[in-house]
Amino acid sequence: MKITGIKTLVVNAEMRNWIFCKVETDQAGLFGWGEGSLEWKTRAVVGAIEDIAPMVVGEDPRRVEHIYQKVYRQSFWRLGVIGMSALSAIDQALWDIRGKDLGVPVFDLLGGQVRERVRMYTHLGGGDMRAVYETFAVEPLIDLAQRVTAKGYTAIKVVFVPYSEPLEGVPKIRRFALLMERLRAAIGDSIDIMIDFHGRTYPAMAIQYINAVEEFRPYFCEEPVPPENVEALVEVTRAVRVPIATGERLVGRGQFRPIFEQRACHVIQPDICHCGGLSEAKKIAAAAETYQMGVAPHNPLGPIANAVALHFALSTPNFLIQEDMLTDVPWRWEVVNSSLQTESGYWLPATKPGLGIEVNEAKAKQHPFQPEVMHPTTIRATDGAILDW
């Protein structure tokens, strides 16, 4: 069996573009799909897939690890997030082909099921950009949270950390704590609340913010500092008593290694569309298990990414909880046909061969590439300096 071609299909889903990758073979009707969606880098990832294609065409698609090693090592220049997103999409498609060829779901190829269902969480608004990133008032915060929990979710993620300078005064800390206090009172203790800091804070402020909400028991606080400074993350983790999570902006085992060695967090969050696909995500998770860290993969992306995440979760012992964003556009499941089933805030196992999805290419082409929505305003400090958003 040989790979005969690699194609990309870009689908604009308003908040972001989905980048689908189709790996074709010389076996009639046998092909695989993957996803490498990367916000504001769509054309770059598509170009990277096209650059990688000559290294892959002609190979046996069943040799998944061999192809991964060839692309990663023979590229010479190590792949950053753009190249790794391209490789992730190709890797996922190869696993899809392998499962279809053998007539088994991908999770069977990754060691088989270790759980009967997969716990999910979602964001305020289910995918609306302003709801996710701009809910800083008590009333809409509670309203959106109650809508999410009414759908059966037992966990939600909020992003109401103030845009912050290296140091801030008391008002922002108190406002942040008030939002968490009111939210916890409104939805009760049975719902887990994750706070995404979105890398908005430096260590001193992250520590103050987290300590201000400790009594309301966040499930974890995510990316309290920008990802490039592991020592800063260690400083935060050792100064607070709330679990810390990070990893969505890291790619490959090499970038996760110092996180493990310095015990810089409690939960890692690789994105299977960026970190190197299923092949690399499984290795990252295995390393995390050695350090007794949980895995809560990042995934606010498209429907192929959802299917990939399900197979990962079903086969990974230290998996914790999975992010989704299933209501970002109403036509999501028209573009991708899936056997994905949800029940009371959980995904149920898929049993179809491969990833269990098929792309309706005609429907997908009705939503062609458009430049993605940037943050509505450039985030600035009171003196006009740029801040992390």
Among rounded, prolate and oblate, which fits the stretch 144-196 when a ≥ b ≥ c are the square roots of the eigenvalues of its C-alpha gyration tensor, a/c under 1.5 means rounded, and a/b larger than b/c means prolate? prolate
Helix 81-102 sits at what angle to the longest principal axis of the chain, using alpha carbons and giving 0 to 90 degrees rounded to 10? 50 degrees
Taking a ≥ b ≥ c as the square roots of the eigenvalues of the Cα gyration tensor, with a/c under 1.5 meaning rounded and otherwise prolate when a/b exceeds b/c and oblate if not, the stretch 234-389 is oblate
Dividing the surface of the Cα convex hull of the stretch 185-309 by four yields a projected area in nm² of 8.0 nm²
Around residue 357, what is the net charge, scoring Lys/Arg as +1 and Asp/Glu as -1 over all other residues with Cβ under 15 Å from its Cβ? 0
The stretch 3-104: relative contact order as a whole-number percent, Cα under 8 Å and 6+ apart: 32 percent
Classify the stretch 68-192: rounded, prolate or oblate, from the alpha-carbon gyration tensor (a ≥ b ≥ c, eigenvalue square roots; a/c under 1.5 rounded; otherwise prolate if a/b is larger than b/c)? oblate
For the stretch 345-389, what log10 I(q)/I(0) values come out of the Debye formula at q = 0.29 1/Å, with one point per alpha carbon and no solvent? -1.04
Work out, in µm²/s and without decimals, the Stokes-Einstein translational diffusion coefficient of the stretch 26-67 at 10 °C, 1.306 mPa s, Rh from Kirkwood over C-alpha pairs. 131 µm²/s
Least to most buried among 91, 383 (fewest other Cβ within 10 Å first): 383, 91
Let me check I've understood the local charge: for residue 197, count other residues with C-beta under 10 angstrom from its C-beta, Lys and Arg +1, Asp and Glu -1. What total comes out? -3
Which order, highest average first, do 16-23, 317-324 follow once you tally other Cβ atoms within 10 Å for each residue and take the mean per peptide? 16-23, 317-324
Per the rule of 0.36 nm per residue minus the C-alpha distance, extending residue 362 to residue 331 adds in nm 9.9 nm
Please compare each pair in 2/365; 2/282; 157/282; 100/365; 70/283; 151/365 to a cut-off of 20 Å on the Cα-Cα distance and tell me which ones are over it. 2/365; 2/282; 157/282; 100/365; 151/365
Using only the alpha-carbon atoms of the chain as identical scatterers, what base-10 log of I(q)/I(0) does the Debye formula give at q = 0.10, 0.11 Å⁻¹? -0.63, -0.76
Ordered by packing density, taken as the mean number of other Cβ atoms within 10 Å over each peptide's residues, highest first, how do 114-121, 70-77 rank? 114-121, 70-77
Counting only C-alpha contacts under 8 Å and six or more residues apart, can you give the relative contact order of the chain as a whole percent? 21 percent
In degrees rounded to 10, the 0-90 angle between helix 203-213 Cα long axis and the longest Cα principal axis of the chain is 70 degrees
How many Å³ per residue does the convex hull of the Cα positions in the stretch 3-104 occupy? 92 Å³
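The numbers here are math on the coordinates, done by the rules we state, and not lab data. Everything numeric here is computed off the predicted structure, so don't read it as measured data. A quick note on method: Cβ atoms are made from the backbone with ideal geometry, for glycine too, and the neighbour counts reach across all protein chains shown.
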